[in-house]
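Asks: Mind looking over this structure? Questions follow.
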Amino acid sequence: MIVRGGTIVTARGVAQADIAIIDGRIAEVAPNLGGDGEEIDATGLHVFPGGIDSHVHFNEPGRTEWEDIGHGSAALAAGGYTTFIDMPLNNLPVTTTVDAFDLKLEAMKRSSRVDFGLWGGLVPGNMGQLEGLVVRGVMGFKAFMCPSGIDEFAACDARTLREGMKRIADLDSILLVHAEEPSELREPTGPTAAEYLASRPARAELAAITLAIEIAGATGCRLHVVHVSTGQGANLIEGARRLGADVSGETCTHYLLYTDRDLERLGGTAKCAPPFRGDVDRKRLWDMPIVVSDHSPSTLDLKQGNDFRSIWGGISGCQSTRQLLLAQDRLDLPAIAGVTATTIARRFRISSKGDIAPGLDADLWLVDLHQEDVIRHEDLLYKNRFSAHEGRRIRGKSVRTLVRGKKPQRGRFIRPGAQT
Ligand SMILES: [Zn+2]
């Protein structure tokens, strides 16, 4: 099969070329390829590597009234994503044991339309499960440094983190942390958005990132900080990296679009933790090398009400990440390919994806960048069709998403590859 006449966008640049696909893999990328097989006309379209969303919560098995794998993965495909890595919560049982992993893998194989990896959980008391989870093929582990909001998924104190990171380093895996220092968090003093924001200050994130980097250095563990919300947090990670630490960070679309001043206007659907920060933070975060959705949906009733203390924290957004980034004109096209695919594949050792090059999976997004629109709830494919992003401008009409050269249908399980 040949994808003909498109403008190919990779993290390395933009060029006119055809893409030859054989057995689900990219065989050749060059202008004017010969061949008489099936063709896809990509004239006037841009062709991106399939996106990789390494931070979603699809909640299956267990909380499928919030989201499920079928709806979540279809939403991703509609937004140009061909791979995701699912978090070890808020599904039930949480993915902290080999048995829970097996249950989830079955559900994923049954229902995912795109390729997928799974994060395991690091919690107090599950050290004995880590090796088995690595053997099963987890992409790495996720730990909370503060309460997760889910009783079954307990926070790790510094001692547990240290022990866990030592084990994870021995297993040559990676730890992801939700970085907020619990002693810097407090109960909101009242029901308003402002009181919620004040209860989770930036210094909680900075203290936790500092501690996590220190433990990673002491144990030799690869570390990744999820949903960085502050500019200083991004600076801490970059500074450590420059000194040779194996640490990375990601931010999410919503931290790039909104500030603390937007929360009251947007209401409960925009409540998340860590919360939105100031405009200086927002601007700095556009330089981060990885952008994910942290798609963390729930039913609408849990996102409504006048009391921010009782509203569920999590934003639905995985369908729109790329189209929102494209509409902002802050990153050029290769940078968007980088932060939504290439850098993620490299960081998490997904060796078969993240770029458009011979030998890689033919995961492609064909998009018409001449079209603009806004996000409407009826266009969302989530189980619960609402999002904090409704009404936002998007750029790019999704024309076709190919997973290993085919229409998204049945996803495959991916494991981390060898260190490169
Ligand atoms: Zn999350």
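The values are calculated or read from the model by the stated rules, or taken from the named source; none is laboratory data. Source: prediction; values computed, not measured. Using ideal geometry, Cβ is built from the backbone for each residue, glycine included, and neighbour counts are taken over all protein chains shown. Note: accessible area is taken over every heavy atom of the protein model, side chains too, but ligands, DNA and RNA are not part of it. Shrake-Rupley method; radii C 1.70, N 1.55, O 1.52, S 1.80 Å.
Asks: Please state which of the following conditions residue 131 fails to meet, knowing it meets all the rest: (1) among the acidic types (Asp, Glu); (2) open to solvent by 10 Å² or more (accessible area, probe 1.4 Å); (3) within 16 Å of the chain's Cα centre (by Cα).
Replies: Of the numbered conditions (1) among the acidic types (Asp, Glu); (2) open to solvent by 10 Å² or more (accessible area, probe 1.4 Å); (3) within 16 Å of the chain's Cα centre (by Cα), the odd one out for residue 131 is (3).
Asks: Which is of a type in the set (A, V, I, L, M) and assigned to a loop (DSSP other than H, G, I, E, B), of 76, 92? I'd like the intermediate steps shown before the answer.
Replies: On the way: 76 fails: assigned to a loop (DSSP other than H, G, I, E, B).
So the residue among 76, 92 that is of a type in the set (A, V, I, L, M) and assigned to a loop (DSSP other than H, G, I, E, B) is 92.
Asks: Might you check whether a residue that is of a type outside the set (Phe, Trp, Tyr) and either over 21 Å from residue 272 (Cβ atoms) or in a strand (DSSP E or B) (or both) occurs anywhere in the stretch 142-151? Talk me through it step by step, then tell me what you get.
Replies: Quick first cut of the stretch 142-151, residues of a type outside the set (Phe, Trp, Tyr) only: 142-143, 145-151.
Filter once more, so that each one left must be either over 21 Å from residue 272 (Cβ atoms) or in a strand (DSSP E or B) (or both): 142-143.
Yes; the residues of the stretch 142-151 include at least one that is of a type outside the set (Phe, Trp, Tyr) and either over 21 Å from residue 272 (Cβ atoms) or in a strand (DSSP E or B) (or both).
Asks: Name the residue, out of 103, 122, 171, that is buried (at least 23 other Cβ atoms within 10 Å of the Cβ) and of a type in the set (A, V, I, L, M, F, W, C). Don't jump to the end; show me each part of the working.
Replies: Values: 103 fails: buried (at least 23 other Cβ atoms within 10 Å of the Cβ); 171 fails: buried (at least 23 other Cβ atoms within 10 Å of the Cβ).
So the residue among 103, 122, 171 that is buried (at least 23 other Cβ atoms within 10 Å of the Cβ) and of a type in the set (A, V, I, L, M, F, W, C) is 122.
Asks: Still on this model: Kindly evaluate residue 298 against the criterion of being part of a loop (DSSP other than H, G, I, E, B), hydroxyl-bearing (Ser, Thr, Tyr) and within 16 Å of the ligand (Cβ to nearest atom). If you could, list the steps in order and put the result at the bottom.
Replies: Values: part of a loop (DSSP other than H, G, I, E, B): yes; hydroxyl-bearing (Ser, Thr, Tyr): yes; within 16 Å of the ligand (Cβ to nearest atom): yes.
Considered against the rule, which asks whether it is part of a loop (DSSP other than H, G, I, E, B), hydroxyl-bearing (Ser, Thr, Tyr) and within 16 Å of the ligand (Cβ to nearest atom), residue 298 comes out as yes.
Asks: Now for a separate question. Would you tally the residues in the stretch 42-73 being closer than 19 Å to residue 387 by Cβ and among the β-branched types (Val, Ile, Thr)? Can you show your working first?
Replies: Step one: of the stretch 42-73, the residues closer than 19 Å to residue 387 by Cβ are 51, 53, 55-59, 63-73.
In the following step, the residues that additionally are among the β-branched types (Val, Ile, Thr) were identified as 56, 64, 69.
The total comes to 3.
Asks: Write out, first by first residue and then by second, each pair whose Cβ atoms fall under 7 Å of each other, whose residues are 6+ apart or on separate chains, and whose first residue, in the stretch 28-56, is within 19 Å of residue 333 (Cα to Cα) while the second is surrounded by fewer than 21 Cβ atoms within 10 Å (Cβ to Cβ) and among the basic types (Lys, Arg).
Replies: Close Cβ pairs satisfying both conditions: 42/4.
Asks: Kindly check whether there is at least one residue in the stretch 320-336 that is more than 20 Å from the chain's Cα centre (by Cα), open to solvent by 10 Å² or more (accessible area, probe 1.4 Å) and small (Gly, Ala, Ser).
Replies: Within the stretch 320-336, none of the residues are more than 20 Å from the chain's Cα centre (by Cα), open to solvent by 10 Å² or more (accessible area, probe 1.4 Å) and small (Gly, Ala, Ser).
Asks: Out of (1) in contact with an Asp or Glu (Cβ under 9 Å, 6 or more places away or on another chain); (2) assigned to a strand (DSSP E or B); (3) polar (S, T, N, Q), what's the single condition that is false for residue 16?
Replies: (1)
Asks: Quick one: in the stretch 38-61, which of the residues that are crowded, with 19+ Cβ neighbours inside 10 Å and part of a loop (DSSP other than H, G, I, E, B) is farthest from the ligand (Cβ to nearest atom)?
Replies: 42
Asks: Continuing with the same structure: Mind checking whether some residue in the stretch 384-406 is touching a Pro at 6+ places or on another chain (Cβ under 9 Å), open to solvent by less than 10 Å² (accessible area, probe 1.4 Å), under 27 Å from residue 44 (Cα atoms) and at pLDDT 95 or above?
Replies: yes
Residue-by-condition table, conditions (1) modelled with pLDDT under 95; (2) within 18 Å of residue 291 (Cα to Cα):
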| residue | (1), (2) |
| --- | --- |
| 9 | no, yes |
| 35 | yes, no |
| 49 | no, yes |
| 70 | no, no |
| 90 | yes, no |
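Asks: Something else about it: How many residues are buried (at least 19 other Cβ atoms within 10 Å of the Cβ) and either among the basic types (Lys, Arg) or under 26 Å from residue 346 (Cβ atoms) (or both) if we restrict to the stretch 371-383? I'd like the intermediate steps shown before the answer.
Replies: Quick first cut of the stretch 371-383, residues buried (at least 19 other Cβ atoms within 10 Å of the Cβ) only: 375, 380, 382-383.
Remaining after also requiring either among the basic types (Lys, Arg) or under 26 Å from residue 346 (Cβ atoms) (or both): 383.
The qualifying residues number 1.
Asks: Helices (runs of 4 or more DSSP H) wholly in the stretch 210-291 with at least 3 residues that are open to solvent by 30 Å² or more (accessible area, probe 1.4 Å) and in contact with a helix residue (DSSP H, G or I) (Cβ under 7 Å, 6 or more places away or on another chain) - which ones? Walk me through it before giving the result.
Replies: Details: elements: 231-242, 253-257, 263-266, 279-285.
Correct list: 279-285.
Asks: Could I ask something else about it? Hey, could you check the stretch 71-123 for residues that are acidic (Asp, Glu) and within 19 Å of residue 154 (Cα to Cα) and say which is nearest to the ligand (Cβ to nearest atom)?
Replies: 86
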